[in-house]
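Heads up: the structure comes next, in C-alpha coordinates.
The values are calculated or read from the model by the stated rules, or taken from the named source; none is laboratory data. Here the structure is a predicted model, which means the values were calculated and not measured. As a convention, Cβ positions derive from the backbone with ideal geometry for all residues, glycine included, and neighbour counts pool all protein chains shown.
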Amino acid sequence: MKKLLEKIPFYNKLVLPYHFAQSVIANSKYHHPSRDLHIIGVTGTNGKTTTCFMIWHMLNQAGIKTGLMTTVAWGVDELTPELNHMTTVDAFTLNERISKIKNQGATFLVLEVTSHALAEYRTHGINFDIAVFTNLTHDHLDYHKTMENYRAAKGKLFKKAKFSILNADDQATTYYKKVSKEYTTYGIKHGKNRAKDIKLSTSGVKYSFNDINVETNIPGEFNVYNSLAAAVVGEKLNLTNKQIEDGIKTLKSVEGRMNIVDEGQSFTVIIDYAHAPDAIEKVFDSVKNHQGKIISVHGGAGRRDPSTRPIRGEILAKNSDIVIITEDDSRDEDPETIAAGFIKGATKAGKKLGKDLFKELDREKAIALAFKKAKKGDLVLILGKGHEKTILRADGPHDFEDIKVARKLLR
(Lines give C-alpha, C1' and ligand atoms only; values in the text may rest on other atoms or scores of the structure.)
Protein backbone atom coordinates (compact mmCIF):
# COMPACT_ATOMS: atom_id res chain seq x y z
CA MET A 1 0.00 0.00 0.00
CA LYS A 2 2.77 2.42 0.99
CA LYS A 3 4.54 1.80 -2.34
CA LEU A 4 1.40 2.92 -4.18
CA LEU A 5 0.95 5.99 -1.95
CA GLU A 6 4.54 7.10 -2.56
CA LYS A 7 3.72 7.46 -6.26
CA ILE A 8 1.32 10.30 -5.44
CA PRO A 9 2.88 13.68 -6.34
CA PHE A 10 4.19 15.53 -3.26
CA TYR A 11 3.48 12.46 -1.09
CA ASN A 12 6.55 13.17 1.07
CA LYS A 13 5.27 16.66 1.90
CA LEU A 14 1.70 15.49 2.47
CA VAL A 15 2.75 13.13 5.26
CA LEU A 16 4.95 15.63 7.14
CA PRO A 17 2.22 16.45 9.72
CA TYR A 18 1.95 12.72 10.44
CA HIS A 19 5.73 12.46 11.00
CA PHE A 20 5.68 15.54 13.24
CA ALA A 21 2.87 14.09 15.34
CA GLN A 22 4.78 10.81 15.65
CA SER A 23 7.80 12.62 17.07
CA VAL A 24 5.72 14.60 19.56
CA ILE A 25 3.99 11.44 20.80
CA ALA A 26 7.26 9.45 20.90
CA ASN A 27 9.03 12.14 22.94
CA SER A 28 6.13 12.21 25.38
CA LYS A 29 5.86 8.42 25.64
CA TYR A 30 9.54 8.05 26.57
CA HIS A 31 9.58 11.18 28.78
CA HIS A 32 11.86 13.26 26.53
CA PRO A 33 14.87 10.96 27.03
CA SER A 34 17.36 13.19 25.22
CA ARG A 35 17.00 16.09 27.66
CA ASP A 36 19.60 14.78 30.11
CA LEU A 37 22.15 13.83 27.46
CA HIS A 38 24.83 15.79 25.62
CA ILE A 39 24.11 14.92 22.00
CA ILE A 40 26.53 15.14 19.10
CA GLY A 41 24.87 14.88 15.69
CA VAL A 42 26.83 13.98 12.56
CA THR A 43 25.40 14.58 9.09
CA GLY A 44 26.65 14.65 5.50
CA THR A 45 26.46 12.47 2.40
CA ASN A 46 29.49 10.32 3.19
CA GLY A 47 31.68 9.60 6.19
CA LYS A 48 28.96 9.93 8.83
CA THR A 49 29.23 6.43 10.28
CA THR A 50 33.03 6.35 10.52
CA THR A 51 33.11 9.83 12.08
CA CYS A 52 30.46 8.75 14.62
CA PHE A 53 32.44 5.65 15.57
CA MET A 54 35.63 7.69 15.99
CA ILE A 55 33.92 10.21 18.28
CA TRP A 56 32.15 7.47 20.29
CA HIS A 57 35.35 5.46 20.74
CA MET A 58 37.43 8.54 21.61
CA LEU A 59 35.01 9.71 24.30
CA ASN A 60 34.64 6.26 25.88
CA GLN A 61 38.42 5.80 25.89
CA ALA A 62 38.65 9.15 27.69
CA GLY A 63 36.33 7.84 30.41
CA ILE A 64 33.17 9.63 29.22
CA LYS A 65 30.37 7.06 28.99
CA THR A 66 28.94 7.62 25.52
CA GLY A 67 26.18 6.00 23.50
CA LEU A 68 26.14 5.49 19.74
CA MET A 69 23.40 5.26 17.11
CA THR A 70 24.47 4.76 13.48
CA THR A 71 23.71 2.91 10.25
CA VAL A 72 25.84 0.02 11.53
CA ALA A 73 24.96 -0.38 15.21
CA TRP A 74 23.68 1.24 18.38
CA GLY A 75 24.35 0.94 22.11
CA VAL A 76 26.88 2.03 24.72
CA ASP A 77 29.50 -0.56 25.73
CA GLU A 78 28.05 -3.49 23.80
CA LEU A 79 26.71 -2.54 20.38
CA THR A 80 23.64 -4.09 18.79
CA PRO A 81 23.79 -4.46 14.97
CA GLU A 82 21.34 -2.24 13.07
CA LEU A 83 19.35 -4.70 10.96
CA ASN A 84 17.02 -2.16 9.34
CA HIS A 85 18.39 -0.60 6.17
CA MET A 86 17.95 2.80 7.79
CA THR A 87 20.36 5.23 9.41
CA THR A 88 18.21 7.43 11.65
CA VAL A 89 15.34 5.19 12.70
CA ASP A 90 11.68 6.22 13.16
CA ALA A 91 10.79 8.54 16.04
CA PHE A 92 9.42 5.83 18.34
CA THR A 93 12.44 3.53 17.92
CA LEU A 94 14.79 6.51 18.19
CA ASN A 95 13.36 7.71 21.50
CA GLU A 96 13.12 4.18 22.89
CA ARG A 97 16.79 3.56 22.14
CA ILE A 98 17.86 6.93 23.55
CA SER A 99 16.00 6.01 26.75
CA LYS A 100 17.83 2.67 26.92
CA ILE A 101 21.19 4.33 26.28
CA LYS A 102 20.55 6.86 29.07
CA ASN A 103 19.51 4.06 31.44
CA GLN A 104 22.88 2.41 30.83
CA GLY A 105 24.56 5.44 32.37
CA ALA A 106 25.62 7.32 29.24
CA THR A 107 26.03 11.08 29.56
CA PHE A 108 26.82 11.64 25.87
CA LEU A 109 25.26 10.27 22.67
CA VAL A 110 26.73 10.32 19.17
CA LEU A 111 23.85 10.23 16.67
CA GLU A 112 24.15 9.76 12.91
CA VAL A 113 21.55 12.09 11.38
CA THR A 114 20.18 11.82 7.84
CA SER A 115 18.48 14.40 5.65
CA HIS A 116 15.38 12.19 5.55
CA ALA A 117 15.20 12.19 9.35
CA LEU A 118 15.55 15.97 9.51
CA ALA A 119 12.96 16.53 6.79
CA GLU A 120 10.51 14.18 8.52
CA TYR A 121 10.94 15.59 12.07
CA ARG A 122 12.31 12.30 13.43
CA THR A 123 14.81 14.27 15.54
CA HIS A 124 12.20 16.78 16.74
CA GLY A 125 12.59 17.36 20.47
CA ILE A 126 16.29 16.42 20.49
CA ASN A 127 18.65 19.22 21.52
CA PHE A 128 22.07 18.95 19.91
CA ASP A 129 25.12 20.32 21.70
CA ILE A 130 27.39 19.80 18.68
CA ALA A 131 26.60 19.23 14.99
CA VAL A 132 29.25 17.91 12.59
CA PHE A 133 29.15 18.31 8.80
CA THR A 134 31.19 15.87 6.69
CA ASN A 135 30.34 16.72 3.05
CA LEU A 136 27.48 17.16 0.59
CA THR A 137 27.42 15.38 -2.77
CA HIS A 138 24.83 14.05 -5.25
CA ASP A 139 22.55 11.61 -3.41
CA HIS A 140 18.93 11.08 -2.32
CA LEU A 141 17.47 13.27 -5.06
CA ASP A 142 14.71 10.69 -5.52
CA TYR A 143 13.44 12.10 -2.21
CA HIS A 144 14.65 15.72 -2.08
CA LYS A 145 14.36 16.39 -5.86
CA THR A 146 17.04 19.15 -5.87
CA MET A 147 20.47 19.65 -4.29
CA GLU A 148 19.16 22.87 -2.75
CA ASN A 149 16.41 20.95 -0.92
CA TYR A 150 18.93 18.32 0.15
CA ARG A 151 21.29 20.98 1.52
CA ALA A 152 18.46 22.77 3.31
CA ALA A 153 17.23 19.55 4.96
CA LYS A 154 20.66 18.96 6.50
CA GLY A 155 20.78 22.65 7.44
CA LYS A 156 18.05 22.02 10.02
CA LEU A 157 20.62 20.25 12.20
CA PHE A 158 22.94 23.27 12.27
CA LYS A 159 20.05 25.60 13.08
CA LYS A 160 19.24 23.39 16.11
CA ALA A 161 22.77 22.82 17.41
CA LYS A 162 24.54 25.04 19.92
CA PHE A 163 27.86 24.62 18.08
CA SER A 164 28.75 23.38 14.58
CA ILE A 165 31.93 21.79 13.20
CA LEU A 166 32.02 22.29 9.42
CA ASN A 167 34.14 20.90 6.57
CA ALA A 168 35.71 24.03 5.05
CA ASP A 169 36.73 22.14 1.90
CA ASP A 170 33.07 21.56 0.98
CA GLN A 171 31.22 24.40 -0.73
CA ALA A 172 27.99 23.71 1.22
CA THR A 173 29.77 25.03 4.34
CA THR A 174 29.20 28.57 3.03
CA TYR A 175 25.48 27.97 3.54
CA TYR A 176 25.86 26.13 6.87
CA LYS A 177 27.95 28.95 8.32
CA LYS A 178 24.97 31.28 7.77
CA VAL A 179 22.51 29.05 9.63
CA SER A 180 24.81 27.95 12.49
CA LYS A 181 24.65 29.67 15.87
CA GLU A 182 28.40 29.29 16.44
CA TYR A 183 30.94 27.25 14.49
CA THR A 184 34.50 26.28 13.71
CA THR A 185 35.89 24.72 10.52
CA TYR A 186 38.29 21.95 9.54
CA GLY A 187 39.86 20.67 6.33
CA ILE A 188 42.94 19.87 4.32
CA LYS A 189 42.98 22.90 1.99
CA HIS A 190 40.96 25.31 4.10
CA GLY A 191 39.67 25.70 7.63
CA LYS A 192 40.75 26.87 11.06
CA ASN A 193 41.76 23.30 12.00
CA ARG A 194 43.84 22.04 9.10
CA ALA A 195 45.53 18.65 8.62
CA LYS A 196 49.25 18.92 7.76
CA ASP A 197 52.04 16.50 6.90
CA ILE A 198 49.53 13.91 5.67
CA LYS A 199 50.81 10.39 5.06
CA LEU A 200 48.53 7.84 3.39
CA SER A 201 49.02 4.07 3.37
CA THR A 202 46.95 0.93 2.84
CA SER A 203 46.82 0.47 6.63
CA GLY A 204 45.67 3.97 7.60
CA VAL A 205 46.47 7.69 7.59
CA LYS A 206 48.76 9.93 9.63
CA TYR A 207 48.81 13.74 9.95
CA SER A 208 49.11 16.53 12.47
CA PHE A 209 47.02 19.55 13.43
CA ASN A 210 47.15 21.97 16.36
CA ASP A 211 50.11 20.03 17.88
CA ILE A 212 48.05 16.82 17.81
CA ASN A 213 49.41 13.78 15.92
CA VAL A 214 46.52 11.78 14.52
CA GLU A 215 46.84 8.19 13.30
CA THR A 216 44.03 5.92 12.08
CA ASN A 217 43.78 2.22 11.29
CA ILE A 218 41.36 2.94 8.44
CA PRO A 219 42.86 3.94 5.06
CA GLY A 220 41.80 6.60 2.57
CA GLU A 221 42.23 10.36 2.36
CA PHE A 222 38.55 10.70 3.27
CA ASN A 223 39.49 9.33 6.70
CA VAL A 224 41.71 12.35 7.20
CA TYR A 225 38.48 14.36 7.08
CA ASN A 226 36.52 11.90 9.23
CA SER A 227 39.17 11.65 11.95
CA LEU A 228 39.88 15.40 11.84
CA ALA A 229 36.20 16.14 12.45
CA ALA A 230 36.27 13.72 15.40
CA ALA A 231 39.45 15.28 16.77
CA VAL A 232 37.95 18.78 16.60
CA VAL A 233 34.98 17.47 18.62
CA GLY A 234 37.51 16.24 21.17
CA GLU A 235 39.13 19.67 21.34
CA LYS A 236 35.73 21.34 21.75
CA LEU A 237 35.04 19.03 24.69
CA ASN A 238 38.44 19.87 26.23
CA LEU A 239 39.98 16.42 25.87
CA THR A 240 43.76 16.33 26.16
CA ASN A 241 45.91 15.85 23.06
CA LYS A 242 46.77 12.34 24.27
CA GLN A 243 43.11 11.43 24.80
CA ILE A 244 42.32 12.54 21.24
CA GLU A 245 45.31 10.72 19.75
CA ASP A 246 44.74 7.48 21.69
CA GLY A 247 40.98 7.53 21.14
CA ILE A 248 41.29 7.66 17.36
CA LYS A 249 44.33 5.40 17.05
CA THR A 250 42.82 2.56 19.09
CA LEU A 251 39.71 2.25 16.89
CA LYS A 252 40.68 -0.81 14.84
CA SER A 253 37.96 -0.66 12.20
CA VAL A 254 34.34 0.17 11.39
CA GLU A 255 32.29 -2.70 10.00
CA GLY A 256 31.71 -2.37 6.27
CA ARG A 257 34.08 0.58 5.88
CA MET A 258 37.28 -0.23 3.96
CA ASN A 259 37.38 -3.70 5.52
CA ILE A 260 40.17 -5.95 4.25
CA VAL A 261 39.19 -9.63 3.99
CA ASP A 262 42.23 -11.87 4.29
CA GLU A 263 41.89 -15.65 4.07
CA GLY A 264 45.42 -16.19 2.79
CA GLN A 265 44.56 -15.51 -0.86
CA SER A 266 47.16 -14.00 -3.21
CA PHE A 267 45.04 -10.93 -4.02
CA THR A 268 43.52 -8.20 -1.85
CA VAL A 269 39.80 -7.95 -1.07
CA ILE A 270 38.25 -4.76 0.31
CA ILE A 271 34.59 -4.35 1.25
CA ASP A 272 33.05 -0.90 1.60
CA TYR A 273 29.57 0.59 1.96
CA ALA A 274 30.23 3.21 -0.75
CA HIS A 275 27.21 3.64 -3.02
CA ALA A 276 26.97 7.37 -3.75
CA PRO A 277 29.09 8.56 -6.72
CA ASP A 278 31.38 10.68 -4.55
CA ALA A 279 31.91 7.87 -2.04
CA ILE A 280 32.84 5.42 -4.81
CA GLU A 281 35.31 7.91 -6.28
CA LYS A 282 36.91 8.34 -2.86
CA VAL A 283 37.35 4.58 -2.48
CA PHE A 284 39.10 4.42 -5.83
CA ASP A 285 41.22 7.45 -4.92
CA SER A 286 42.36 5.68 -1.76
CA VAL A 287 43.65 2.67 -3.78
CA LYS A 288 44.99 4.59 -6.78
CA ASN A 289 48.58 3.49 -6.09
CA HIS A 290 47.69 -0.21 -6.24
CA GLN A 291 50.02 -1.97 -8.68
CA GLY A 292 47.84 -4.90 -9.82
CA LYS A 293 44.51 -4.96 -11.64
CA ILE A 294 41.39 -3.61 -9.95
CA ILE A 295 38.19 -5.66 -10.18
CA SER A 296 35.04 -3.99 -8.87
CA VAL A 297 31.69 -5.54 -7.89
CA HIS A 298 28.77 -3.17 -7.48
CA GLY A 299 25.04 -2.74 -8.03
CA GLY A 300 22.22 -0.31 -7.27
CA ALA A 301 19.26 -0.34 -4.93
CA GLY A 302 15.70 -0.27 -6.24
CA ARG A 303 13.40 2.68 -5.61
CA ARG A 304 16.40 4.97 -5.20
CA ASP A 305 17.62 7.85 -7.38
CA PRO A 306 18.10 6.21 -10.83
CA SER A 307 20.07 9.19 -12.19
CA THR A 308 23.17 8.07 -10.28
CA ARG A 309 23.31 4.63 -11.94
CA PRO A 310 25.02 5.60 -15.21
CA ILE A 311 27.24 8.01 -13.27
CA ARG A 312 28.36 5.21 -10.97
CA GLY A 313 28.80 2.83 -13.91
CA GLU A 314 31.11 5.35 -15.55
CA ILE A 315 33.13 5.85 -12.35
CA LEU A 316 33.53 2.08 -11.97
CA ALA A 317 34.63 1.70 -15.58
CA LYS A 318 37.16 4.52 -15.47
CA ASN A 319 38.82 3.24 -12.31
CA SER A 320 38.61 -0.55 -12.73
CA ASP A 321 40.22 -3.01 -15.10
CA ILE A 322 37.19 -5.29 -14.79
CA VAL A 323 33.66 -4.27 -13.71
CA ILE A 324 31.02 -6.74 -12.52
CA ILE A 325 27.51 -5.30 -12.20
CA THR A 326 25.31 -7.17 -9.76
CA GLU A 327 22.26 -6.83 -7.51
CA ASP A 328 21.83 -4.66 -4.42
CA ASP A 329 18.55 -4.09 -2.56
CA SER A 330 16.41 -4.28 -5.70
CA ARG A 331 13.19 -4.29 -3.66
CA ASP A 332 10.25 -4.30 -6.10
CA GLU A 333 12.22 -2.86 -9.03
CA ASP A 334 13.43 -5.11 -11.86
CA PRO A 335 17.14 -5.90 -11.28
CA GLU A 336 17.68 -5.97 -15.06
CA THR A 337 16.43 -2.38 -15.33
CA ILE A 338 18.71 -1.27 -12.49
CA ALA A 339 21.73 -3.01 -14.04
CA ALA A 340 21.04 -1.42 -17.44
CA GLY A 341 21.69 2.02 -15.99
CA PHE A 342 25.11 0.96 -14.71
CA ILE A 343 25.97 -0.79 -17.97
CA LYS A 344 25.06 2.35 -19.91
CA GLY A 345 27.58 4.38 -17.92
CA ALA A 346 30.27 1.70 -18.05
CA THR A 347 30.02 1.23 -21.82
CA LYS A 348 30.14 5.01 -22.29
CA ALA A 349 33.52 4.91 -20.52
CA GLY A 350 34.79 2.23 -22.91
CA LYS A 351 34.05 -1.07 -21.21
CA LYS A 352 32.65 -3.94 -23.33
CA LEU A 353 30.22 -6.61 -22.16
CA GLY A 354 31.85 -10.02 -22.05
CA LYS A 355 35.36 -8.58 -22.19
CA ASP A 356 35.97 -6.29 -19.20
CA LEU A 357 32.35 -5.67 -18.21
CA PHE A 358 30.10 -8.42 -16.83
CA LYS A 359 26.54 -8.65 -15.53
CA GLU A 360 25.84 -11.23 -12.83
CA LEU A 361 22.66 -10.43 -10.91
CA ASP A 362 23.22 -13.06 -8.22
CA ARG A 363 25.47 -11.15 -5.80
CA GLU A 364 27.22 -14.24 -4.42
CA LYS A 365 27.97 -15.49 -7.94
CA ALA A 366 29.22 -12.01 -8.86
CA ILE A 367 31.67 -12.03 -5.95
CA ALA A 368 32.77 -15.55 -6.91
CA LEU A 369 33.32 -14.37 -10.50
CA ALA A 370 35.51 -11.51 -9.26
CA PHE A 371 37.64 -13.93 -7.22
CA LYS A 372 37.93 -16.27 -10.20
CA LYS A 373 39.26 -13.45 -12.37
CA ALA A 374 41.65 -12.10 -9.72
CA LYS A 375 45.33 -12.99 -10.04
CA LYS A 376 48.22 -12.56 -7.64
CA GLY A 377 48.60 -8.90 -6.62
CA ASP A 378 45.17 -7.82 -7.89
CA LEU A 379 42.56 -5.95 -5.87
CA VAL A 380 38.86 -6.87 -5.63
CA LEU A 381 36.54 -4.10 -4.42
CA ILE A 382 33.07 -5.17 -3.27
CA LEU A 383 31.06 -1.99 -2.94
CA GLY A 384 27.60 -0.88 -1.89
CA LYS A 385 26.37 -2.98 1.03
CA GLY A 386 29.23 -2.95 3.52
CA HIS A 387 27.93 -3.95 6.96
CA GLU A 388 24.39 -4.89 5.91
CA LYS A 389 23.09 -8.26 7.05
CA THR A 390 20.33 -8.77 4.47
CA ILE A 391 19.59 -8.11 0.83
CA LEU A 392 16.10 -6.85 -0.03
CA ARG A 393 14.50 -8.55 -3.03
CA ALA A 394 10.94 -8.43 -4.37
CA ASP A 395 9.87 -11.24 -2.03
CA GLY A 396 11.43 -9.61 1.05
CA PRO A 397 14.75 -9.71 2.95
CA HIS A 398 17.24 -12.54 2.51
CA ASP A 399 20.26 -13.16 4.75
CA PHE A 400 23.34 -11.81 3.02
CA GLU A 401 26.59 -10.29 4.29
CA ASP A 402 29.34 -9.33 1.86
CA ILE A 403 32.05 -10.04 4.43
CA LYS A 404 30.71 -13.49 5.36
CA VAL A 405 30.10 -14.44 1.72
CA ALA A 406 33.59 -13.29 0.72
CA ARG A 407 35.22 -15.27 3.54
CA LYS A 408 33.22 -18.40 2.65
CA LEU A 409 34.17 -18.17 -1.02
CA LEU A 410 37.84 -17.49 -0.30
CA ARG A 411 38.05 -20.50 2.02
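Within the range 353-391, work out how many residues are surrounded by fewer than 19 Cβ atoms within 10 Å (Cβ to Cβ) and either touching a Cys at 6+ places or on another chain (Cβ under 6 Å) or β-branched (Val, Ile, Thr) (or both). Adding up the residues that qualify gives 1. Answer with yes or no whether residue 210 is among the polar types (S, T, N, Q), within 24 Å of residue 281 (Cβ to Cβ) and touching a helix residue (DSSP H, G or I) at 6+ places or on another chain (Cβ under 8 Å). So residue 210 does not fit the description; no. Against the definition (touching a residue at least 24 places away in the same chain (Cβ under 8 Å), in a loop (DSSP other than H, G, I, E, B), farther than 18 Å from residue 58 by Cα and of a type in the set (A, V, I, L, M, F, W, C)), how does residue 279 come out, yes or no? No, not satisfied.
Return the total of residues in the range 284-297 being surrounded by fewer than 19 Cβ atoms within 10 Å (Cβ to Cβ) and hydroxyl-bearing (Ser, Thr, Tyr).
So the answer is 0.
For the range 1-88, give me every one of the helices (runs of 4 or more DSSP H) that falls completely inside it and has 3 or more residues that are modelled with pLDDT of 95 or more and either surrounded by 13 or more Cβ atoms within 10 Å (Cβ to Cβ) or not hydroxyl-bearing (Ser, Thr, Tyr) (or both). Give the steps one after another, and end with the answer.
Values: elements: 2-5, 11-14, 16-29, 48-61.
Passing ranges, in order: 48-61.
Considering only residues in the range 253-283 that are more than 13 Å from the chain's Cα centre (by Cα) and among the charged types (D, E, K, R), the one that is surrounded by the fewest Cβ atoms within 10 Å (Cβ to Cβ) turns out to be 262. Cβ-Cβ contacts under 8 Å between residues 6 or more apart (or on different chains), taken from a first residue in the range 243-268 that is of a type in the set (S, T, N, Q) to a second residue that is in a strand (DSSP E or B) and at pLDDT below 90, are listed as 253/259; 268/260. Of 185, 173, 146, 137, all but one fail to be over 25 Å from residue 32 (Cα atoms), surrounded by 23 or more Cβ atoms within 10 Å (Cβ to Cβ) and out of contact with any His (no Cβ under 8 Å at 6 or more places or on another chain); the exception is 173.
Of everything in the range 235-252 that's surrounded by 15 or more Cβ atoms within 10 Å (Cβ to Cβ) and in a loop (DSSP other than H, G, I, E, B), which residue is modelled with the lowest pLDDT? The selected residue is 251.
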